[in-house]
Amino acid sequence: MARKLRVEYGGAVYHIMNRGDRREPIFQDDDDRQRFVETLGETCVRSGWEVHAYCLMPNHFHLLIETPQPTLVAGMKWFLGTYTGRFNWRHKLFGHLFSGRYKSLIVDGSGSGYLRTVCEYVHLNPARARLLTPEQALREYRWSSWPEYLRVPGKRPEWLRVDRVLGEAGIAKDSAVGPQELERRMEARRGSQEDAGYKPIRRGWFFGEKALKQELLGQMSERMGPEHYDEERQESQREKADRVVGEELRRRKWTEVMLWERKKGDREKVKIAVRLRNETLVTVAWIAQRLQMGSVANVNTLLYQWRQANKKVSVHKN
């Protein structure tokens with residue numbers, strides 16, 4: 001199976017999620033949950049992580065962390081391995097506790113609201129999973145960072161940051177009034193059932209502004225090997241292919257409209273298609289749509305004819 005590329009850089013923000021092996025529980029009681037939170041705190045000290053939110057569910061967990069130094073992979077290895085060892089030792093078990101590789105979503109932490117949205121998503125998990133009754137406040141779910149948000153400064157874990165979320169919510173001060181206003185908004189958000197904005201958090205690898213996404217895709221394109229054939233690689237290749245098309249249009253002094261107006265089998269279009277096939281991994285379907293060349297079958301035929309014609313030219317030259 002293709003392995004997802006872990007993108008690490010100083011100041012990166014990640015939404016991390018991992019489930020129990022075969023979706024089995026990763027906690028048997030509150031002592032396990034307390035041990036998990038303690039292990040998370042130790043990981044923050046070792047790796048320099050800052051936690052913006054966490055939530056412990058029966059068979060999985062959510063973390064929203066920031067890595068001032070690029071320590072995601074090393075930190076997660078220590079964190080998951082250490083908690084698994086402690087869990088197994090306590091319950092006289094052995095073997096895997098978690099299911100495969102953890103999911104990591106890069107979150108735009110530029111202050112545009114993406115970090116706050118993911119924090120809301122994490123903290124609303126107990127309500128969505130009906131671990132709370134409609135009458136119970138979110139703060140009554142003990143095993144999330146939400147109750148900690150509502151405590152006064154100095155009473156929270158040192159590794160938990162609330163200032164970024166408060167700032168993105170437009171709450172200037174971390175005082176008694178600030179968290180109260182944040183709680184009022186969260187409870188209203190919980191009751192609205194408007195969670196369509198959370199879909200990009202559940203799927204994909206990035207949540208944020210397009211400019212940052214393109215920058216990361218450029219970095220990833222240079223680092224990806226043949227073992228990476230997942231969503232990130234496909235998107236990286238599409239970005240690269242789009243740059244190639246842009247170069248070819250500028251070289252010919254064409255506009256996008258001129259590209260669309262030319263015939264499907266235009267010789268210059270075929271030349272661009274050949275370059276895309278030689279220099280990128282985008283599909284023929286992508287090329288057909290991007291260059292307005294008709295069906296996939298038509299593009300395959302044109303590429304085949306081009307190869308055959310160039311073979312003949314090569315033979316005559318030799």
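None of the figures in this text is laboratory data; all of them are computed from the coordinates on show. These figures come from a predicted structure and were not determined experimentally. Methodologically, a virtual Cβ is constructed for each residue, glycine included, from the backbone with ideal geometry; neighbour enumeration extends over all protein chains shown.
With the chain treated as a Gaussian network of Cα nodes joined by springs under 10 Å, which of LYS253, LYS264, LYS103 yields the largest mean-square fluctuation? Taking springs between Cα atoms under 10 Å, the residue moving most is LYS253. Straightening the chain between LEU93 and ASP29 buys 21.5 nm, computed as 0.36 nm per residue apart minus the Cα-Cα spacing.
Build a GNM of the chain with springs between Cα atoms under 10 Å apart, and of THR84, THR301, THR283 the one that fluctuates most is THR301. In the Gaussian network model of the chain, springs joining C-alpha atoms below 10 Å, which of ARG250, ARG46, ARG185 carries the largest mean-square fluctuation? With Cα springs under 10 Å in the chain, the top fluctuation among ARG250, ARG46, ARG185 is at ARG250. Classify segment 39-153 from the C-alpha gyration tensor, please: rounded if a/c falls under 1.5, else prolate or oblate depending on whether a/b exceeds b/c. Oblate. Here the average projected area of the convex hull drawn through the C-alpha atoms of the chain stands at 22.2 nm².
Straight-distance candidates among the lysines for linking to LYS311, with alpha-carbon spacing under 22 Å and chain neighbours fewer than 8 residues away dropped: LYS269, LYS271.
Each residue in THR280, THR43 was given a count of other beta-carbon atoms within 10 angstrom of its own, and listing them fewest first yields THR280, THR43. Entry note, the chain: the mean residue ellipticity at 222 nm calculated from DSSP H runs of n ≥ 4, each adding -39500 (n - 2.57), is -16000 deg cm²/dmol after division by the residues and rounding to the nearest 500.
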